[in-house]
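Undergrad: Quick one: this structure, given as structure tokens, is what I'll be asking you about.
The values are calculated or read from the model by the stated rules, or taken from the named source; none is laboratory data. Since this is a predicted model, take the numbers as computed values, not measurements. Here the Cβ positions follow ideal geometry from the backbone for every residue, glycine too, while neighbour counts run over all protein chains shown.
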Amino acid sequence: MIRSESTEMYLKTILELAAGEEPVAISQVAERWGVTPVSANEMIKRLAEYGMILHEPYKGVSLTETGLRQATNVLRRHRLWERLLVDHLGVDWAEAHDAACQLEHATAEAVTTALDAFLGHPTTCPHGNPIPDLNQPINEAETQPLSTLVIGQRGTIIRIHPEETPLLAYLAEHGIHPQVPVEVEAIAPLEGPLTVRVGEQRAVIGREAASRVHVAAY
């Protein structure tokens, strides 16, 4: 089995971007990584040769069974590390993401198992995303992006996905965390930002950021 930081990161990215059974566009992978489509294509070809992904020209890429297992393993290590860093080491909620990105590539399976047991087998990371079980499909709660709510609609924040440190830092500054109630108070015209009440605070959040805050609306 091929294991390197770059291959693991690409596999994890494809897993995070996947929506159902639809292939993930290579342009999405390139944008997420901040590289050119040419660079992304080179890695995609390599992963296809390794038997980790299937590439459908003009459609995108999807993980093979082998690739899915490896990507799930990386995601599991990442979210367990986030849980330890935040809950037991006092690392900032936003900064834990980048730290976990480094640790996830240097963690043996035995260490992952021990980490899971030490933490009491948590089901979500601090950002609300499910910690996958290697023997079961990832179980994600029924949610919708905050950006799809209408004025006056309320909900409970469930998770932040996909995670990025600058985004997490901005959300934390405005009290936007899982399990916090949220209400849309205003929406600027022309796809402008949303004004929301989060707990006892009010925040203005752009469309892109709001699309990554997933809520259970009511």
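Undergrad: In segment 24-38, how many residues are closer than 13 Å to Thr7 by Cα and small (Gly, Ala, Ser)?
TA: 0
Undergrad: May I pose another question? Hey, does segment 79-96 have a residue that's outside the structural domain of Pro181 (by TED's automatic domain parsing), among the small types (Gly, Ala, Ser), at pLDDT below 95 and under 26 Å from Thr165 (Cα atoms)?
TA: So the first thing to find is which residues in segment 79-96 are outside the structural domain of Pro181 (by TED's automatic domain parsing), and the list is 79-96.
Next, only the ones that are among the small types (Gly, Ala, Ser) stay: 90, 94, 96.
The next check asks that each one be at pLDDT below 95; those that pass are 94.
From the residues that got through so far, the ones that are under 26 Å from Thr165 (Cα atoms) too are 94.
Yes, because at least one residue in segment 79-96 is outside the structural domain of Pro181 (by TED's automatic domain parsing), among the small types (Gly, Ala, Ser), at pLDDT below 95 and under 26 Å from Thr165 (Cα atoms).
Undergrad: Please enumerate the residues belonging to segment 184-218 that are aromatic (Phe, Trp, Tyr) and in contact with a helix residue (DSSP H, G or I) (Cβ under 8 Å, 6 or more places away or on another chain).
TA: From segment 184-218, those aromatic (Phe, Trp, Tyr) are 218; that's our starting set.
Listed by number, the list is empty, since nothing qualifies.
Undergrad: Oh, and also: Name every residue in segment 28-58 that is surrounded by 13 or more Cβ atoms within 10 Å (Cβ to Cβ) and either aliphatic (A, V, I, L, M) or touching a His at 6+ places or on another chain (Cβ under 7 Å) (or both), in order of residue number.
TA: Listed by number, the residues that qualify are Val29, Ala30, Val35, Ala40, Met43, Ile44, Leu47, Ala48, Met52, Ile53, Leu54.
Undergrad: Please specify each residue of segment 22-40 satisfying the condition of being of a type in the set (D, E, K, R) and at pLDDT below 85.
TA: Going through segment 22-40, the residues of a type in the set (D, E, K, R) turn out to be 22, 31-32.
Correct list: Glu22, Arg32.
Undergrad: Go through segment 39-52 and count every residue that is farther than 23 Å from Glu164 by Cβ and among the aliphatic types (A, V, I, L, M).
TA: Residues flagged as farther than 23 Å from Glu164 by Cβ and among the aliphatic types (A, V, I, L, M) within segment 39-52 amount to 2.
Undergrad: So which residues in segment 97-111 are assigned to a helix (DSSP H, G or I) and more than 18 Å from Ile160 (Cα to Cα), if there are any at all? Please lay out each step first, then the result.
TA: Here is the first cut: in segment 97-111, the residues assigned to a helix (DSSP H, G or I) are 97-106, 109-111.
Result: Gln102, Leu103, Glu104, His105, Ala106, Glu109, Ala110, Val111.
Undergrad: Testing Leu171 on (1) surrounded by 14 or more Cβ atoms within 10 Å (Cβ to Cβ); (2) touching a strand residue (DSSP E or B) at 6+ places or on another chain (Cβ under 6 Å), one condition comes back false. Which one is that?
TA: Leu171 satisfies all of (1) surrounded by 14 or more Cβ atoms within 10 Å (Cβ to Cβ); (2) touching a strand residue (DSSP E or B) at 6+ places or on another chain (Cβ under 6 Å) except (2).
Undergrad: Scan segment 13-31 for residues that are farther than 15 Å from Thr64 by Cβ and either of a type in the set (Asp, Glu) or in contact with a Leu (Cβ under 9 Å, 6 or more places away or on another chain) (or both) and jot them down.
TA: Glu16, Glu22, Ala25, Gln28, Val29, Glu31
Undergrad: Still on this structure: Looking at Glu173, Glu208, Glu164, which is the one that is more than 27 Å from Ile14 (Cβ to Cβ) and not assigned by TED's automatic domain parsing to the domain that holds Trp93?
TA: Exactly one of Glu173, Glu208, Glu164 is more than 27 Å from Ile14 (Cβ to Cβ) and not assigned by TED's automatic domain parsing to the domain that holds Trp93, namely Glu173.
Undergrad: Hey, another quick one. Go through segment 59-68 and give me each residue that's buried (at least 16 other Cβ atoms within 10 Å of the Cβ) and of a type outside the set (Val, Ile, Thr).
TA: Passing the criteria: Gly60, Ser62, Leu63, Gly67, Leu68.
Undergrad: Related question: Would you tally the residues in segment 127-176 being closer than 14 Å to Leu75 by Cα and hydrophobic (A, V, I, L, M, F, W, C)?
TA: Narrowing segment 127-176 to residues closer than 14 Å to Leu75 by Cα: 127-140, 161-163.
From the residues that got through so far, the ones that are hydrophobic (A, V, I, L, M, F, W, C) too are 131, 134, 138.
Counting residues in segment 127-176 that are closer than 14 Å to Leu75 by Cα and hydrophobic (A, V, I, L, M, F, W, C) gives 3.
Undergrad: Yes or no: segment 113-124 includes at least one residue that is among the β-branched types (Val, Ile, Thr) and part of a strand (DSSP E or B).
TA: Within segment 113-124, one or more residues are among the β-branched types (Val, Ile, Thr) and part of a strand (DSSP E or B).
Undergrad: From the residues in segment 43-60 that are assigned to a helix (DSSP H, G or I) and over 18 Å from Lys12 (Cβ atoms), which one is farthest from the chain's Cα centre (by Cα)? Give the steps one after another, and end with the answer.
TA: Keep residues of segment 43-60 that are assigned to a helix (DSSP H, G or I), which gives 43-49.
Retained after the next criterion (residues that are over 18 Å from Lys12 (Cβ atoms)): 45, 49.
Details: Lys45: 24, Glu49: 26 Å.
Filtering first and then ranking leaves Glu49.
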